[in-house]
Amino acid sequence: MTPADPKLLANIRIVLTRTSHPGNIGAAARAMKTMGLGQLVLVDPAIFPNSQADAMASGAADLLAQARVCASLAEALADTTLALGVSARRRDIVAEVLTPPEASIRLLTEAQAGPVALVFGNETSGLSNEELSLCQGLVTIAANPEYSSLNLAAAVQVLSYEVRQTWLDHASWPQPEMDAATGEEIEKFYAHLETALAELEFLNPGSPGKLMLKLRRLFARTRLAKEEVNILRGILTAAQEAKQGTNGARNHGAE
Ligand code: SAH
């Protein structure tokens, strides 16, 4: 049997958002390295770099030294084609809830084409709805329902272990189904959608309510291909131009 391809693990990124305790960052790095994962991304960590992080990382200090620090989750996910939020609680923002083995298969399949991510939340508050809205699916560790909240680094260990076992079990993978849009392309589409809906007076920028979150959930359910994002943005531009045309005609008529 051909051995599993190390490039796939190299494309799987572990993203820790707003981590409070630097010790958890170090312990997460150790959990990752023991399972062959190396890409650690920290979004707005409270304290980093830090000696407690170094101590808990033990022999995985190289992962901390190479860790990328980002100001926002959108920045951390800009080049990814799949981001899965890891959360104990089921939220109404992300439609699809996966088990760790299911998530591992999805991540490794997509990792053939480019970077993918597992996103972990803050120790106290978990992942916010806004953070989850940047993810295309949710992974839950089926823990004791009476006490289901694992330590952050323990949760990183469980997911890293599952990814590795799935990786070891497969010498080859089917190609990803489509040329998926990246996080950045999807965020640009949402920004365009919001502007266009405001121009069309469908969305009131003063009180947008939950419309954008609901639309994000709708599109997250389908997963968008690059070409589909281009078509949708083309439709938005056409609608904006048509609206400008009517306004223009109205203004002209009033002159
Ligand atoms: N009180 C928080 C728990 C945070 S634990 C909450 O209710 O969301 C820190 C992080 O570890 C979580 O954001 C999540 O990424 C991960 N985690 C802990 N337990 C988990 C579980 N049972 N399933 C999936 N992720 C879990």
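Values computed for the structure shown
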quantity: The chain - mean residue ellipticity at 222 nm from DSSP helices (-39,500 (n - 2.57) per run, n ≥ 4, rounded to 500); calculated: -15500 deg cm²/dmol
quantity: Alpha-carbon Rg with Dmax, taken over segment 1-135, Å; calculated: 14.5, 45
quantity: Rg over Rh [alpha-carbon atoms, Kirkwood Rh] for the chain; calculated: 1.05
quantity: Around Asp54: net Lys/Arg minus Asp/Glu count, Cβ-Cβ under 13 Å; calculated: 0
quantity: Estimated dipole of segment 203-242 in Debye, rounded to 20 [Cβ of Lys and Arg +1, of Asp and Glu -1, Cα centre]; calculated: 340 debye
quantity: Too-long pairs where the Cα-Cα distance tops 30 Å, listed order kept, from Lys188/Lys243; Lys188/Lys210; Lys7/Lys210; calculated: Lys7/Lys210
quantity: Rg over Rh, two decimals, segment 10-60 (C-alpha only, Kirkwood Rh); calculated: 0.95
quantity: Span-like helix ranges in the chain, DSSP H, alpha carbon extent 18 angstrom or more, Kyte mean at least -0.5; calculated: 22-34, 152-169, 183-199
quantity: Normalised per residue, the volume of the convex hull around the Cα set of segment 183-254 (Å³); calculated: 84 Å³
quantity: Within segment 70-187: Cβ-based charge dipole about Cα centre, in debye rounded to nearest 20 (Lys, Arg +1; Asp, Glu -1); calculated: 440 debye
quantity: Longest exposed-site-free window of the chain, the sites being chymotrypsin sites (Phe, Trp or Tyr not before Pro) in a DSSP loop that have at most 11 other C-beta atoms within 10 Å; calculated: 1-146
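Just so you know, all these numbers are worked out from the coordinates, no wet-lab data involved. Worth saying up front: this structure is predicted, and the values here are computed from it rather than measured. A quick note on method: Cβ atoms are made from the backbone with ideal geometry, for glycine too, and the neighbour counts reach across all protein chains shown.
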